[in-house]
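Comments concern the structure below.
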Amino acid sequence: MFPEAYRNNIFIAEHGSWNRSKKIGYRISLVKIEGNKKAVSYETFISGWMDDATQKVWGRPVDVLVLPDGSMLVSDDYANVIYRISFKG
């Protein structure tokens, strides 16, 4: 379901910090792999669970699961929900 550029890479759920003066995380990151061997980049794939300016948090992603149809599930233990992410192109 996702374009070729996202396939065979690593998605990471960054649960978020709880004991830092400036919070970090609260996003899904993408690590791009070159030749199925080497990590070549790290970037934010999905964000929005925290307002960077106010540090207000409304979600904490826990894990990701890519389904056979190509969509992705993201669990959130702060909001107690599971999001389904899909690509329409």
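The values are calculated or read from the model by the stated rules, or taken from the named source; none is laboratory data. Please read these numbers as outputs of a predicted model, since none were measured by experiment. In this analysis, Cβ positions are derived from the backbone assuming ideal geometry, glycine residues included, and neighbour counts consider all displayed protein chains.
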Is it fair to say R27 is closer than 23 Å to S71 by Cα, of a type in the set (K, R) and at pLDDT 95 or above? yes
What tally of residues in the stretch 58-79 results from selecting those that are under 14 Å from the mean Cα position of the chain (by Cα) and small (G, A, S)? 3
For the stretch 35-66, which residues satisfy the criterion of being of a type in the set (D, E, K, R) and touching a Ser or Thr at 6+ places or on another chain (Cβ under 9 Å)? E43, D63
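If I go through the stretch 39-89 residue by residue, how many of them are assigned to a strand (DSSP E or B), touching an Asp or Glu at 6+ places or on another chain (Cβ under 6 Å) and under 18 Å from G25 (Cβ atoms)?
Of the residues in the stretch 39-89, 3 are assigned to a strand (DSSP E or B), touching an Asp or Glu at 6+ places or on another chain (Cβ under 6 Å) and under 18 Å from G25 (Cβ atoms).
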Within the stretch 14-58, count every residue that is touching a strand residue (DSSP E or B) at 6+ places or on another chain (Cβ under 8 Å), on the phi < 0 side of the Ramachandran plot and either in contact (Cβ under 8 Å) with a residue 24 or more places away in the chain or surrounded by 15 or more Cβ atoms within 10 Å (Cβ to Cβ) (or both). 15
